[in-house]
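Q: If you scroll down you'll find the structure; I have some questions about it.
The values are calculated or read from the model by the stated rules, or taken from the named source; none is laboratory data. Note that the coordinates shown come from a computational prediction; the quantities given were computed from them, not determined experimentally. Here Cβ is always computed from backbone atoms with ideal geometry, including for glycine, and neighbour counts include all displayed protein chains. For accessibility, only protein heavy atoms count, side chains too; no ligands or nucleic acids. Shrake-Rupley method; radii C 1.70, N 1.55, O 1.52, S 1.80 Å.
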Amino acid sequence: MATVKLTEITTEADFAHLKSTIPSSALLVVYFHAPWAEPCKQMSTFLETLASTYPSDRPPKIAFASLDAEELPEISEDYDVTAVPFIVLQKGAERLETISGSDSAKVRTLVEKHAGKGGSSGQAGLPPAQQVIKPVNGPAQDGVKDLSAHKTGPADPSTAPEFSSGEKSKEETFKRLEGLVKAAPVMLFMKGTPSSPQCGFSRQTVALLRERSIRYGFFNILADDEVRQGLKEYSDWPTFPQLYADGDLVGGLDIVREEFQNNPEFLMEYSVKPAASSPNGQTAAQTV
C-alpha cells in the first residue's frame, strides 16, 4: 500500500501548487528546517517515518511538506519562522498549531489530534522523542581530536610537535573575531548585505534596526567562511544572524525582537535621526 511521503519544497511555486492540490479538509504539516541544525536532522527522520504511517489517499487527507527556511525566506516570513525546527499544522488557510523545537512526541500528538492515527507503524517504526544535549567539550573541529582525556605513555615524545593541536590557528581566528565584533558599536553578522539579505532571518533583523534608525555595521558571513564557522564557536551561538552591541553578543532574531518589545530604550543610544542616516541606516564596517 502506498503511503504519504515528506515532500521537499524548493520553490514558492511548488509550495503554492501543493496547497492547491489538497482539499481544505486535509491536514497540511509544514516543516521548516535548516541543513546546519542538528535537531532538524532528527526531526526530518521522525517526520519521514510519521508520514509513512498514513495511507496515500485520493484526494489526500494529510500531506507533509519540508522547506529550507533560509532558501525560502518569503514563506518563512509569512509563517513567522524565527528558529528551526518549526512546524505548522494547517487546514486550508487556517493555521491550527505551531511547534518550535525538537519535541517529536508533541508533534506526533498534535498531528494525530487533527488527522487521527496512521494505519501502520511506518517504514521503520516511529522513533522515540529526541532530546538534544549539547556536548560539554563540543565535537571535533576541523579534524582536530579532543585529547583532554589522553594520558602519555613511555613511547610518547616529551613535547608535542608545533601546531599539532591547531590551537594557534584558533587563537588567531578568535583575535580577528574579537576585532570584528567591535568594528562598530552595533555589529550585525548576517547572510548577505542590508540591501540584499540572503535569508529571511537576516532580512527581518535589518528591518527591526531600520525601523528604529539604529546605526550599525554589518559583515556578510557568506563572503568569509572562516568568520562564518569561527563565530559560531566564538559566540557559542550556532545560528545567524548574530547581533553584537559594544562587543557583546545580544543574540539572534528572536532575542533581538524580544528585547525591542520588552524594552523601548533598547539600543536607542545608537539611534540617529532619519535625516542624518544613510539611505539604508547603516554605517560601513571593515571586513579585515
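Q: Grab the beta carbon distance between L222 and E74, set R0 = 25 Å, and tell me the FRET efficiency rounded to 0.05.
A: Between L222 and E74 the formula returns 0.85.
Q: Find how much the distance from E171 to S20 grows on full extension, using 0.36 nm per residue of separation minus their present alpha carbon separation; answer in nm with one decimal.
A: Gain on stretching E171 to S20: 49.0 nm.
Q: Quickly rank 58-66, 1-9 as a protection proxy: mean count of other C-beta atoms within 10 Å, highest first.
A: 58-66, 1-9
Q: While we're here: Going by the alpha-carbon gyration tensor, a ≥ b ≥ c the square roots of its eigenvalues, is the stretch 1-103 rounded (a/c under 1.5) or, if a/c is not under 1.5, prolate (a/b greater than b/c) versus oblate?
A: Numbers: a/c = 1.68, a/b = 1.26, b/c = 1.34.
Cα axes put the stretch 1-103 in the oblate bin.
Q: Need the full-extension length gain, D246 to M268, defined as separation in residues times 0.36 nm minus the C-alpha distance. One decimal, nm.
A: Values: separation 22, 0.36 × 22 = 7.92 nm, distance 1.32 nm.
Net length gain for the segment: 6.6 nm.
Q: Further, regarding this structure: At q = 0.23, 0.27 Å⁻¹, work out log10 I(q)/I(0) for the stretch 60-113 with the Debye formula, treating every Cα as an identical point scatterer and leaving solvent out; two decimals please.
A: Log10 I(q)/I(0), no solvent term: -1.02, -1.30.
Q: Which value, in Å² rounded to 10, gives the accessible area of E269 with a 1.4 Å probe and all protein chains present?
A: Roughly 130 Å² of E269 is accessible to a 1.4 Å probe.
Q: Sorting check: for 79-87, 18-26, which peptide has the highest mean count of neighbouring beta carbons within 10 Å, and how do the rest follow?
A: On the way: 79-87: 22.1, 18-26: 12.9.
Result, highest mean Cβ count within 10 Å first: 79-87, 18-26.
Q: Would you mind checking K61/K117; K41/K182; K106/K191; K5/K41; K91/K191; K5/K191 for any pair whose Cα atoms are more than 23 angstrom apart?
A: Over 23 Å apart, Cα to Cα: K41/K182; K106/K191; K91/K191; K5/K191.
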